[in-house]
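Structure first, then comments.
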Ligand SMILES: Cc1ncc(COP(=O)(O)O)c(C=O)c1O
């Protein structure tokens, strides 16, 4: 008993958690228990299972087990041929890539988890975008990073504002530990950092000697317009580390991603990667699948599907949302970001939308600190079918009408 209160086992357990673990809360998106069984979620960037290449992955798995089972099934390194495929993909982007500098990981999410171990002591500054991918940024915050969010407009991160921040810090003799940026089809806004800003960002990184973590999860998912050079390809001074993933271009369940950058970055990340190397088995399967242009053809098919679904979503929004709700028509990626009409709260809209059987991510979930962003929502067109997207948007339209 603590006073009148009977201490539960859960509470006793919780007392043992580290301060960091106690800070973690399971994400709660509005009141529980309102979900309808036929609810349509446009909240998360899941892949569309319709295009999982089951047969080809099955064939690749069989081939690996027939030809290379001893290496694939034992402890060992990631498959060298897979590192080489990644390096080859980077060379196609104009990077003078060396397979030795590829670090294969359990999704790019693993690199994001390891970054604070390598770079962050409590009180260090990390620069992020606002809004951003909180899955990553939460980990930086838990390590005690002081997060500075640079605003985003339709051309991505506001580089002038970044420069001001770097200049102010330098004047105080301080340097951020890194700049975390999602330059292509940003999560959550879908924006693309313009070429001019890319060049300036890379130049600022070199001038102020600050690493840039380029998280390019969506770079290959361009279904319209011209591809822009990656930050890594523009970087001649070696300050950019690029994160990539096979989650968006093949299947998230593979849990395969990578980091590419200076050998020092790779070595430090490896030191904290305590489970050792990633996937001797799965890297062989993915490499086998990707042979002979198969991965590129698969990406083309994904882009055809995602273009269609993004267009269906945009049309449905124009039809069902109030005219004062504004958005940019995406040219790629998984997400569409809607700026709500003045006075409409994303959280309250979500409560209503749930009653009508639809879900989205309220903008506040995409900002460090969660104070900003209640004036916007993120909608994912990646997972649901075109028909479900249409129905989901119609239901959110009804929630708007209620308000
Ligand atoms: C910007 C961004 N980076 C990284 C990830 C994590 O991807 P992975 O499956 O490779 O861990 C995601 C997934 O949603 C993402 O949106």
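Quick check on the stretch 260-329: take the gyration tensor over C-alpha atoms, sort the square-rooted eigenvalues as a ≥ b ≥ c, and tell me if it's rounded (a/c under 1.5), prolate or oblate. Could you put the intermediate results ahead of the total?
Working: a/c = 3.76, a/b = 1.88, b/c = 2.00.
Oblate is the answer for the stretch 260-329, as a/c is 1.5 or above yet b/c matches or exceeds a/b.
DSSP assigns beta bridges within the chain; of those with both partners inside it, close to 55 percent run antiparallel.
Among rounded, prolate and oblate, which fits the chain when a ≥ b ≥ c are the square roots of the eigenvalues of its C-alpha gyration tensor, a/c under 1.5 means rounded, and a/b larger than b/c means prolate? Judged from the Cα gyration tensor, the chain comes out rounded (a/c under 1.5). Let me know the shape class of the stretch 280-403, please: from the alpha-carbon gyration tensor, a ≥ b ≥ c as square roots of the eigenvalues, rounded when a/c is under 1.5, otherwise prolate if a/b is greater than b/c, or oblate. Verdict is prolate for the stretch 280-403.
Under a GNM of the chain (C-alpha, springs under 10 Å), which listed residue has the highest mean-square fluctuation: 14, 217, 372? Evaluated over the chain, the most mobile residue of the options is 14.
Once you reduce the stretch 227-287 and the stretch 319-388 to the center of their Cα atoms, the two points are 30 Å from each other.
Protection proxy ranking for 158-169, 241-252, 118-129, using the average of other Cβ atoms within 10 Å per residue and placing the highest first: 241-252, 118-129, 158-169. With the highest mean first, a sort of the peptides 138-144, 46-52 on other beta-carbon atoms found within 10 angstrom per residue produces 138-144, 46-52.
The ranking of 12, 347, 266 by Cβ neighbour count inside 10 Å, starting from the fewest, reads 12, 347, 266.
All of the numbers you see were taken from the coordinates with simple rules; none came from a lab. Bear in mind that the values here come from a model prediction, so they are computed numbers and not experimental data. Cβ atoms come from the backbone with ideal geometry, glycine included; neighbour counts cover every protein chain shown.
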